[in-house]
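Report on one structure; see the data block that follows.
The values are calculated or read from the model by the stated rules, or taken from the named source; none is laboratory data. Since we're looking at a predicted model, the values are computed, not measured. Neighbour counts are summed over all protein chains in view; Cβ atoms, including those assigned to glycine, are modelled from backbone coordinates with ideal geometry. These area figures cover heavy atoms from the full protein model, side chains too; ligands, DNA and RNA do not enter into them. Shrake-Rupley method; radii C 1.70, N 1.55, O 1.52, S 1.80 Å.
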Amino acid sequence: MARRPLILDVDTGIDDAMALLYAVASPDAELVVATCAPGNAHLDAVERNTRGVLDIAGATEIDVVPGARSPLVKPLVTT
């Protein structure tokens, strides 16, 4: 069976860190790119967290693409 290509859009905190690790480890999935958006933290921290998780997983070849710095409609409220 072919691996299913995935794009994950994350605001990497604990839950998204786990999703990234599961996607990298899954024999059924091929994580192609991780896009980042602020949510759990500001965009710079989210991007750093995402790259750190992929580094720990030995998957530094996966592109990490930051998105918008803030929501388009209302102010960012981090957790």
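Open to solvent by 20 Å² or more (accessible area, probe 1.4 Å), of a type in the set (S, T, N, Q), within 23 Å of Arg69 (Cα to Cα) and more than 10 Å from the chain's Cα centre (by Cα), is that true of Asn49? Even if it seems obvious, please write down each step before you answer.
Details: open to solvent by 20 Å² or more (accessible area, probe 1.4 Å): yes; of a type in the set (S, T, N, Q): yes; within 23 Å of Arg69 (Cα to Cα): yes; more than 10 Å from the chain's Cα centre (by Cα): no.
Answer is no for this residue.
Taking the stated definitions as given, is Thr60 within 17 Å of Ala17 (Cβ to Cβ), open to solvent by less than 70 Å² (accessible area, probe 1.4 Å), touching a helix residue (DSSP H, G or I) at 6+ places or on another chain (Cβ under 9 Å) and of a type in the set (Val, Ile, Thr)? It is false that Thr60 is within 17 Å of Ala17 (Cβ to Cβ), open to solvent by less than 70 Å² (accessible area, probe 1.4 Å), touching a helix residue (DSSP H, G or I) at 6+ places or on another chain (Cβ under 9 Å) and of a type in the set (Val, Ile, Thr). A count restricted to the range 47-78 and to residues that are touching an Asp or Glu at 6+ places or on another chain (Cβ under 8 Å) and either modelled with pLDDT under 95 or charged (D, E, K, R) (or both) stands at 1. Checked against (1) part of a helix (DSSP H, G or I); (2) open to solvent by 60 Å² or more (accessible area, probe 1.4 Å), Val32 passes all but a single condition, namely (1).
Only residues that are surrounded by fewer than 17 Cβ atoms within 10 Å (Cβ to Cβ) and assigned to a strand (DSSP E or B) were counted in the range 7-28, giving 2.
Considering every residue within the range 46-66, establish whether at least one is in contact with a Cys (Cβ under 8 Å, 6 or more places away or on another chain), in contact (Cβ under 8 Å) with a residue 40 or more places away in the chain and assigned to a loop (DSSP other than H, G, I, E, B).
To start, the set of residues in the range 46-66 that are in contact with a Cys (Cβ under 8 Å, 6 or more places away or on another chain) comprises 46-47, 50, 64-66.
Still in the running and in contact (Cβ under 8 Å) with a residue 40 or more places away in the chain: 50.
Adding the requirement that they be assigned to a loop (DSSP other than H, G, I, E, B) leaves none.
No.
Being over 22 Å from Met1 (Cβ atoms) and polar (S, T, N, Q) is the filter here, so list the residues in the range 22-40 that pass it.
Result: Thr35, Asn40.
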